[in-house]
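Everything on this sheet refers to the single structure shown next.
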Amino acid sequence: MTSNAPLSGKTAVITGSNSGIGLGVAREMAKAGANVVLNSFTDREEDHAIAAEIAKEFGVEAKYVAADMSKADDCRRLVADAGACDILINNAGIQHVAPIDEFPTEKWDAIIAINMSSAFHTTAAALPMMRKVGWGRVINIASAHGLTASPYKSAYVAAKHGVVGLTKTTALETAEEPITCNAICPGYVLTPLVEAQIPDTMKEYNMSREEVIKNVMLKRQPSKEFATVEQLGGTAVFLASDSATQITGTTISVDGGWTAL
Ligand code: NAD
């Protein structure tokens with residue numbers, strides 16, 4: 001182990017990592033020396049190209065495994081196909097915004113499956129592999145919405161609170177082993193998931209893009225700045241480090257003060 005490659009020899013599997021936070025976390029893991037396994041359900045040429053670029057840039061092994069995180073079998077197959085899974089980062093997630101009485105059932109089911117149940121299935125597949133090598137880190141990308149709520153995001157808020165609960169249970173079940181499980185709770189991060197919400201919100205409130213960002217999105221983020229994917233990746237690298245060995249079953253907010261309000 002060298003100081004600039006503290007995760008050398010470890011393999012990190014990151015669900016939903018061809019864009020946004022997942023990709024940012026994968027890049028920071030690779031920068032810290034970990035081999036990385038990227039995932040999405042799309043299986044496009046560019047998905048495989050992202051893995052090749054990371055391998056070249058950071059001198060680690062990187063591969064892309066297509067698997068649909070809305071499907072239990074695919075979640076488990078992702079971990080098996082990864083070949084090794086020392087660090088599991090449950091990140092895949094989608095959003096839909098609507099009042100409860102108008103919320104489409106299929107959107108509710110998809111959000112619960114992708115944002116919450118996938119973490120159960122991947123963790124179930126990864127723990128035996130971690131026990132075999134005698135070391136493991138499970139890092140769940142929850143949200144400020146895992147600790148607090150907003151209207152019109154019922155499925156997302158329910159799923160993220162569920163992820164925080166799963167995080168605590170996983171930590172207790174592995175407490176006497178060299179395995180930890182924690183959740184990172186980001187506030188707003190400017191990723192494609194958040195970009196996609198801007199046009200509708202502009203229409204809904206009759207606001208400009210800048211007004212939506214400042215007065216709606218960052219209204220509850222006291223720093224008035226987006227968190228970045230690099231900062232989230234750095235937090236994940238810290239949770240995988242030796243310094244974090246006794247940190248388990250907890251949440252780390254990266255939200256510019258949102259949940260302090
Ligand atoms: P994003 O849309 O950029 O990325 C989502 C990722 O999930 C993509 O890689 C996508 O391919 C993948 N994905 C979606 N459905 C999938 C499926 N069925 N199977 C496999 N992969 C699938 O969004 P993001 O903002 O980077 O979000 C990543 C995670 O961070 C999510 O869990 C999200 O809830 C969480 N989060 C985001 C923010 C934010 O402000 N962006 C804040 C808090 C939490």
Accessible area per residue, Å², segment 1-60 with all protein chains present, probe 1.4 Å: 45 Å²
How much length is gained on full extension from residue 48 to residue 195, taking 0.36 nm per residue of separation minus their Cα-Cα distance? 50.5 nm
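So if I take the alpha carbon set of segment 24-109, get Rg, then get Rh from the Kirkwood formula, what is the Rg over Rh ratio?
1.07
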State the answer as a single residue: which of 49, 161, 258 lies farthest towards the positive end of the charge dipole of the chain, with beta carbon charges of +1 for Lys and Arg and -1 for Asp and Glu, about the Cα centre. 258
Given R₀ = 25 Å, what would the calculated FRET efficiency be for residue 173 paired with residue 109, taking r from the Cβ atoms and rounding to 0.05? 0.40
So, in nm, how far is label residue 259 from label residue 241 when the simple model puts each one 7 Å beyond its Cα toward the Cβ? 2.1 nm
Expressed in nm², what is the orientationally averaged projection area of the convex hull enclosing the Cα positions of segment 173-261? 7.1 nm²
On the accessible surface of the chain, probed at 1.4 Å, how many percent belong to carbon and sulfur atoms? 54 percent
Against the 2.2 N^0.38 Å rule of thumb, the C-alpha Rg of the chain sits at a ratio of 0.97
Segment 213-261 - convex hull of the alpha-carbon atoms, volume per residue in Å³: 82 Å³
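How long is the gain from residue 100 to residue 132 if the chain were fully straight, where each residue apart is worth 0.36 nm and the alpha carbon distance is subtracted?
Values: separation 32, 0.36 × 32 = 11.52 nm, distance 4.39 nm.
The residue 100-residue 132 span can extend by a further 7.1 nm.
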The lysines whose Cα lies under 23 Å from the Cα of residue 219, excluding any fewer than 8 residues away in the same chain, are 153, 160, 203
Within the chain, helix-based [θ] at 222 nm, where runs of 4 or more DSSP H residues each add -39,500 (n - 2.57), nearest 500: -12000 deg cm²/dmol
Keeping all protein chains in place and using 1.4 angstrom, which order do 74, 200, 47 fall into by accessible surface area, from largest down? 200, 74, 47
Suppose every Lys and Arg Cβ carries +1 and every Asp and Glu Cβ carries -1, with no other charges. What dipole size does segment 182-261 come out with about its Cα centre, to the nearest 20 debye? 220 debye
Residue 57 and residue 124 label points (each 7 Å along its Cα→Cβ direction) are spaced in nm at 3.5 nm
Could you grab the relative contact order for the chain? Cα pairs under 8 Å, six or more apart, rounded to a whole percent. 19 percent
Sticking with the crude label model, points 7 Å out along Cα→Cβ, report the distance from residue 215 to residue 203 in nm, one decimal please. 1.9 nm
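About its Cα centre, what dipole magnitude does the chain give when the only charges are +1 on Lys and Arg Cβ and -1 on Asp and Glu Cβ, stated in debye to the nearest 20? Each step should come with its number before you reach the end.
Values: 22 positive and 29 negative charges, 96 e Å.
In debye, rounded to 20, the chain gives about 460.
The values are calculated or read from the model by the stated rules, or taken from the named source; none is laboratory data. Keep in mind it's a predicted model, so treat the numbers as computed, not measured. No Cβ is skipped: glycine too gets one built from the backbone with ideal geometry, and neighbour counts run over all protein chains shown. These accessible areas exclude ligands, DNA and RNA; they are computed on the full protein's heavy atoms, side chains included. Shrake-Rupley method; radii C 1.70, N 1.55, O 1.52, S 1.80 Å.
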